[in-house]
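The next block holds one structure in the form of structure tokens; read it before the comments.
Please treat every number below as a calculation from the coordinates, not as lab data. All figures in this text were calculated on a predicted structure; none of them were measured in a lab. Counting neighbours? That spans all protein chains shown, and the Cβs are built from the backbone with ideal geometry, glycine included.
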Amino acid sequence: MTDVTAKIAPTSSEIASVRDLMRIVIVGHVDHGKSTLVGRLFHDTGSLPDGRFEAIKAQSEKRGVPFEWAFLMDALQAERDQGITIDTSQIWFKTDARDYTIIDAPGHKEFLKNMITGAAQSDAALLIIDAHEGVKEQSKRHGYLLHLMGIKQVAVAVNKMDLAGYDQKKFDDIEREYRAYLTSIGVTPTFVIPVSAREGDNIVTQSATMSWYKGPTVVKALDSFISGKPETEAPLRLPVQDVYKFDQRRIIAGRIETGRIAVGDELIFSPSNKKARVKTIEYWSTIPGAKAPTASEAGYSVGITLDEQIFVERGEIASHVETAPVETDVFRARIFWLGHEPMVLGKAYKLKLGTLEAQVTVQSIERIIDTSDLSNSASSQVERNQVAEVVLRSRRMLALDSFIDLPATGRFVLVEKFDIAGGGIISMDGYSDQRDAITARGTNITRAEHTITEEARAFRNGHKGGVLWFTGLSGAGKSTLAMALEKRLFDKGYHVYVLDGDNVRHGLNANLSFSPEDRTENIRRVGEVAALFERAGTLVITAFISPYRSDRDRAREAAGTGFHEIYVKADVATCETRDPKGLYAKARSGEIKDFTGISAPYEAPETPELVIDTASTDLEECLHQLVSYVEAKFRV
């Protein structure tokens, strides 16, 4: 084994000897004084190695430059030469309460990628604003990115109060403006603190020159934050890093992101949906007589063997069966774009999520979000440093979680030309978990073979069986066209029947709601029933919104070559003017949740067999097109 299993579980003595550790990301606009503030934290908490302060001070005198507190944390020579922080630096200091890792992230636009990297590793944030310059656009962008990365503990240090004459009104104005902005995006700053990093005011000790401020110092504020603990109480998520063959064992290795695992647990590997029980948790030890661990938890790397030799590969996620991740090939995401080239509608990128790598395509760019005022705009591409809400689609099933449910497996990055081009968080709003729709639960089932062939049925009926799958928005005219087409074809001697959405929900699917998962199950059942009609030689017409492309693909797979997708096309504005059932009005007023086209997505067909544009074509012409299509494709 390699060292991936070296850290299996902590001993009681290890736990007792470890001090509390908190990871803080420090961010702010360029030249707002982050490095100076961190240098002060080093010095004033006594965290510097002996002689370091004196050595740097002497070095500054030797080089003929004034001493700067920022020199205490400059890790790169380039920083001293250029006078700006150009990369993330991880540095450590301590207080009486705990140990800290501070991730110092650059503040200017060109290095926002590193700021996101730092924020993703952090439990809390210290955000710096220059009292003299006030709240800048970049300050708002940083606040938004902290929100995007899920950081909920934020302290704001209004720095350089000495240059603002320690003016309370100046501080109050900045605090009021920035608190209002952060609150508007769902971030609550725990503390807003007036400081002077250069003079040491309110860093470690209370400022004598700002007696009007009654809150905590920066150190006391940080000490009050709650450290991020391994998420042992969350559902198990063990992304597979690799599979090793060792002796006669196949050892599955990876880091437990959340939850706990124990020998005997039944696991399911997603998205392959293979199941097995944990046989052993492997370990590496030079201690004679040491016993193999029987359990482990979040934060530890493990190697496990299973009671069955199933094929598992890198990128899959192991979980307990009852709390498995979402399986989907499409999801909504809020992304921050960092690529040198814009993100373009329809373009493919490499998705990296945990140990998974998969190609995804930008299906839609729903809105560009202005991080300064939170206004939205439409665009077919996302420019560098813009935030956007997009829909991404993969050709394969993905195992993931909504960020709001499980952040550890709800974050991802996009790669273009071997470089990280964007990062984001996953939302399943409006989309379904497709696990149940693709999982076969029955066993020992054999399909019955009919003695009457489909060709014989077609010869007797005078036409082939088939599925005319009408899809489109509510109000596009699907049911109207389906019923009218049924009558025309019946009069011509066709064996024809309509499966209508409302009618099916009165019987076969009466137990289903309109949640994304139940929508998927609704269409799965209808697809299977339609396929049975088709094999019986009937021409079945379905009239369902069927908003998800993957659901329609499964219906096509069930019916085979007899499936014909008919896109009944009409835009939302046209459908709203018709609104035959008053549904759009109810959706706009909030009475109906997850309404397709308003508060839930509709994925229009990419390559339908036929498009019927009801917005620009009258009913009679639409029927003529449909009848002509049927006569050409199905008549024997």
From the square roots a ≥ b ≥ c of the eigenvalues of the alpha-carbon gyration tensor of segment 459-564, which class results: rounded (a/c under 1.5), prolate (a/b over b/c), or oblate? prolate
Be a star and scan segment 289-323 for residues whose amide nitrogen sits under 11 Å from the point 7 Å along the Cα-to-Cβ vector of PHE246. 302-305
Order these by the 10 Å Cβ neighbour count, fewest first: HIS463, HIS43. HIS43, HIS463
Between ASP433 and residues 5 or more places away or on another chain, the pairs with built amide H atoms under 5 Å apart involve GLU517
When only alpha-carbon atoms are used, what values of Rg and Dmax, in angstrom, describe segment 328-435? 12.9, 39
For segment 547-589, shape from the Cα gyration tensor axes a ≥ b ≥ c, cut at a/c of 1.5 then a/b versus b/c, turns out prolate
Cut-off under 16 Å on the C-alpha distance; same-chain residues fewer than 8 positions from LYS350 excluded. Which aspartates and glutamates are left, in chain and number order? ASP329, GLU341, GLU416, ASP419
J(HN,Hα) series, segment 254-266, from Karplus relation 6.51 cos²θ - 1.76 cosθ + 1.60, nearest Hz, glycine and proline x: x, 9, 6, 7, 8, x, 10, 9, 8, 4, x, 5, 8
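Over segment 134-189, what portion of Cα pair distances is larger than 12 Å, expressed as a whole percent?
Details: 1001 of 1540 pairs.
That fraction is 65 percent.
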Taking θ = phi - 60°, what integer Hz values does the Karplus form 6.51 cos²θ - 1.76 cosθ + 1.60 yield along segment 522-530, in sequence order, with x for Gly and Pro? 4, 6, 4, 5, 5, x, 5, 5, 4
Arrange the following residues from fewest to most other Cβ atoms within 10 Å of their Cβ: SER227, SER375, SER207. SER375, SER227, SER207
All lysines inside 24 Å of LYS220 as judged from Cα atoms, apart from same-chain residues fewer than 8 positions distant: LYS34, LYS94, LYS152, LYS160, LYS169, LYS170, LYS229
Please arrange LYS569, LYS417 by counting, for each residue, the other beta carbons lying within 10 Å of its beta carbon, fewest first. LYS417, LYS569
For segment 265-392, take N as its residue count and report Rg(C-alpha) divided by 2.2 N^0.38 Å. 1.50
Over the Cα atoms of segment 231-322 the radius of gyration and the largest Cα-Cα distance (Dmax), both in Å, equal 12.4, 40
Nearest-0.05 FRET efficiency for SER380 and ILE404 at R0 = 35 Å, using Cβ-Cβ distance, is 0.80
List the aspartates and glutamates whose alpha-carbon lies under 17 Å from that of LYS275, not counting same-chain residues fewer than 8 positions away? ASP265, GLU266, ASP307, GLU308, GLU313, GLU316, GLU322, GLU327, ASP436
According to a simple spin-label model (label point 7 Å from Cα along Cα-to-Cβ), what is the distance in nm between SER616 and LYS169? 6.3
